[in-house]
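Encoded as structure tokens, the structure appears first; notes follow it.
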Amino acid sequence: DGGITQSPKYLFRKEGQNVTLSCEQNLNHDAMYWYRQDPGQGLRLIYYSQIVNDFQKGDIAEGYSVSREKKESFPLTVTSAQKNPTAFYLCASSDRRSNYGYTFGSGTRLTVV
Amino acid sequence: GQNIDQPTEMTATEGAIVQINCTYQTSGFNGLFWYQQHAGEAPTFLSYNVLDGLEEKGRFSSFLSRSKGYSYLLLKELQMKDSASYLCAVRDRNDYKLSFGAGTTVTVRA
């Protein structure tokens, strides 16, 4: 079955460390996205990509980096420069066949200890 | 950019009906989505409206008025499992990414 997979589900990081969150999709979707969700808040866009080797900053890109070397993969690195990284991170993909409605991964909960 | 507003919280009784409103302001509208999100889980797709009118899917219906920048999600015959956050998302005409409202937390009580 096609879908979008995020790993790991839970991640603990020490302050000052970089950490990379994985996102893989086999839906053949062109566009991929990373969102951050804090308790009681909506989804805030970190980075997005429409095609391989191209991506754009979202509303809260500072302290994060991404790459899009393959259509299927869009990993997110949370760097030590991100001041408040503890959050729930969601990856999504979309395609014109679904009117660009999103399919979401199951999320990664990152906790800085 | 988008400005999307929806109520923060709503409470209803099992078996009842709840209507979640969403208003938006956009420079060019190209579709509105509703998602359901249970606590700690990913959002799942509920409905899509791009033309004015009502879309019905079982117990859930979604309505759109483009001239008023307004949509609602109607949940009928509420069940305990409907307790979740409901997200309204809008796509701009010149973009492919969605902008999300903050979400409405619906609590269903017995």
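The values are calculated or read from the model by the stated rules, or taken from the named source; none is laboratory data. Small disclaimer: the values here were computed from a predicted structure and weren't measured. Here the Cβ is made from the backbone with ideal geometry for all residues, glycine too, and neighbour counts use every protein chain on show.
Among (1) within 13 Å of chain B (Cβ to nearest Cβ); (2) over 24 Å from residue B:93 (Cβ atoms); (3) β-branched (Val, Ile, Thr), which single condition is residue A:77 missing?
(1)
Across the stretch A:73-97, which residue is farthest from the chain's Cα centre (by Cα) among those that are farther than 18 Å from residue A:24 by Cβ and outside any loop (DSSP other than H, G, I, E, B)?
As a first pass, look at the stretch A:73-97 and keep what is farther than 18 Å from residue A:24 by Cβ: A:79-88, A:96-97.
Retained after the next criterion (residues that are outside any loop (DSSP other than H, G, I, E, B)): A:87-88, A:96-97.
Working: A:87: 12, A:88: 10, A:96: 20, A:97: 21 Å.
The residue in question is A:97.
Taking the stated definitions as given, is residue B:87 surrounded by 14 or more Cβ atoms within 10 Å (Cβ to Cβ), modelled with pLDDT of 95 or more and over 21 Å from residue B:15 (Cα atoms)? Quick ask: steps written out before the conclusion?
Numbers: surrounded by 14 or more Cβ atoms within 10 Å (Cβ to Cβ): yes; modelled with pLDDT of 95 or more: yes; over 21 Å from residue B:15 (Cα atoms): yes.
Judged against the criteria, residue B:87 is a match.
State all residues of the stretch B:5-28 that are part of a strand (DSSP E or B) and touching a Leu at 6+ places or on another chain (Cβ under 9 Å); if no residue qualifies, say none.
B:12, B:13, B:18, B:19, B:20, B:21, B:22, B:24
On the basis of being β-branched (Val, Ile, Thr) and touching a Gly at 6+ places or on another chain (Cβ under 7 Å), does residue B:44 make the cut?
Spelling it out, it is not the case that residue B:44 is β-branched (Val, Ile, Thr) and touching a Gly at 6+ places or on another chain (Cβ under 7 Å).
Got at least one residue in the stretch B:49-66 being assigned to a loop (DSSP other than H, G, I, E, B), over 27 Å from residue A:88 (Cβ atoms) and of a type in the set (Ser, Thr, Tyr)?
no
Name the residues in the stretch B:38-63 that are within 13 Å of chain A (Cβ to nearest Cβ) and touching a Leu at 6+ places or on another chain (Cβ under 9 Å), would you?
B:42, B:43, B:46, B:47, B:48, B:49, B:50, B:51, B:55, B:62
Which of the residues belonging to the stretch B:3-19 are over 24 Å from residue B:95 (Cβ atoms) and among the β-branched types (Val, Ile, Thr)? Before you say what the answer is, go through the steps one by one.
The initial filter retains those residues of the stretch B:3-19 that are over 24 Å from residue B:95 (Cβ atoms), namely B:7-19.
Once the filter is applied, which keeps residues that are over 24 Å from residue B:95 (Cβ atoms) and among the β-branched types (Val, Ile, Thr), the stretch B:3-19 yields B:8, B:11, B:13, B:17, B:18.
Looking only at residues that are loosely packed, with under 13 Cβ neighbours inside 10 Å and touching a strand residue (DSSP E or B) at 6+ places or on another chain (Cβ under 6 Å) in the stretch B:1-43, which one is nearest to residue B:80 (Cα to Cα)?
B:13
I'd like the residue in the stretch A:24-47 that is in a loop (DSSP other than H, G, I, E, B) and polar (S, T, N, Q) and, out of all such residues, is modelled with the lowest pLDDT.
A:41
What pairs come out if I take residues in the stretch A:1-26 that are in contact (Cβ under 8 Å) with a residue 12 or more places away in the chain and pair them with residues that are among the acidic types (Asp, Glu) and not in a loop (DSSP other than H, G, I, E, B) whose C-beta lies under 6 Å away, six or more apart or interchain?
Final answer for the pair search is A:5/A:24.
So which residues in the stretch B:70-89 are touching a Leu at 6+ places or on another chain (Cβ under 6 Å) and within 11 Å of chain A (Cβ to nearest Cβ)?
The answer is B:89, and nothing else.
What number of residues within the stretch A:86-108 satisfy the criterion of being more than 8 Å from every other protein chain (Cβ to nearest Cβ), buried (at least 24 other Cβ atoms within 10 Å of the Cβ) and not hydrophobic (A, V, I, L, M, F, W, C)?
1
Any idea which of (1) at pLDDT below 95; (2) surrounded by fewer than 18 Cβ atoms within 10 Å (Cβ to Cβ); (3) closer than 17 Å to residue A:102 by Cα; (4) touching a strand residue (DSSP E or B) at 6+ places or on another chain (Cβ under 9 Å) is the one residue A:1 doesn't satisfy?
Going through the list (1) at pLDDT below 95; (2) surrounded by fewer than 18 Cβ atoms within 10 Å (Cβ to Cβ); (3) closer than 17 Å to residue A:102 by Cα; (4) touching a strand residue (DSSP E or B) at 6+ places or on another chain (Cβ under 9 Å), residue A:1 breaks only (4).
Of the numbered conditions (1) among the charged types (D, E, K, R); (2) in contact with a Gly (Cβ under 7 Å, 6 or more places away or on another chain); (3) surrounded by 14 or more Cβ atoms within 10 Å (Cβ to Cβ), residue A:36 satisfies every one except a single condition; which is it?
It fails just one condition, (2).
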